[in-house]
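What follows is a set of notes on a single structure, which appears directly below.
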Amino acid sequence: MTRGSTQGLVLTLTVLAGCGAGGNDRAREYMPDMARGPAYKAFAPNAATRTGLTLQRPVAGTVARGRLPFHYGRGDDEAARAGRELTNPLAIAPATIEDGRGLYQTYCLICHGAAGKGDGPLAASGKIPTPPAYTSERVAAFTPGRIFHVLTVGSGKMPSYAALLAPGERWKVVAYVSQRLQGDTAP
């Protein structure tokens, strides 16, 4: 046998030996670290990274799955711009308004009250400043986009509800407020 034939035979036997496991058995592994790396705890030190930390900061510009960036900042100018540029993507249907009513009762009623007059239980007890009524001259002029902005980034003493309500849920609350509490069908 020649040297090339011997090397070919050895290579073939090696490959076949690696494939010798049955359907439920594990074959021989020549580089097991490629399949199962070492496990690190998220907050444990890690010599394999430049910072020495296992948990790394996200790359600049990273957007979390299911989240879209909101390109409006805080303040009246940004709220007015959002009011001009944002429109409710949801159809104003009875089901949308009913969903919005349920979300309003869960998250908003405690401060704004059932009819949106700023007379919720927290405001009535004096624990928070009285929020403006949805029918007040200033707030009644808010477009749906501006109300969405207030829900998303907050305004004055009102905090942001972006962490509690998904964008679609915020739009449902906007539909309920604009159709029922500010509209002709107010309770």
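Residue-by-condition table, conditions (1) among the small types (Gly, Ala, Ser); (2) without any contact (Cβ under 8 Å) to a residue 40 or more places away in the chain; (3) touching an Asp or Glu at 6+ places or on another chain (Cβ under 6 Å); (4) closer than 15 Å to residue 175 by Cα:
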| site | (1), (2), (3), (4) |
| --- | --- |
| 106 | no, yes, no, no |
| 117 | no, yes, no, no |
| 142 | no, no, no, yes |
| 149 | no, no, no, yes |
| 154 | yes, no, no, no |
Flagged pairs (Cβ under 8 angstrom, 6 or more apart or on separate chains; first in the range 52-69, free of Cβ contacts under 8 Å to residues at least 24 places away in the same chain and within 19 Å of residue 41 (Cβ to Cβ); second of a type in the set (Gly, Ala, Ser) and loosely packed, with under 10 Cβ neighbours inside 10 Å) are 54/42; 55/42
Residue 116 fails exactly one of (1) at pLDDT 95 or above; (2) buried (at least 18 other Cβ atoms within 10 Å of the Cβ), namely (1)
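Which residues, counting only those in the range 70-97, are touching a residue at least 12 places away in the same chain (Cβ under 8 Å) and in a helix (DSSP H, G or I)? Steps first, please.
Step one: filter the range 70-97 for residues touching a residue at least 12 places away in the same chain (Cβ under 8 Å), giving 70, 72-74, 78-80, 82-90, 92, 96-97.
Result: 78, 79, 80, 82, 83, 84, 85, 96, 97.
The values are calculated or read from the model by the stated rules, or taken from the named source; none is laboratory data. As the structure is a computational prediction, the values presented were derived from the model and not from experiment. Here the Cβ is made from the backbone with ideal geometry for all residues, glycine too, and neighbour counts use every protein chain on show.
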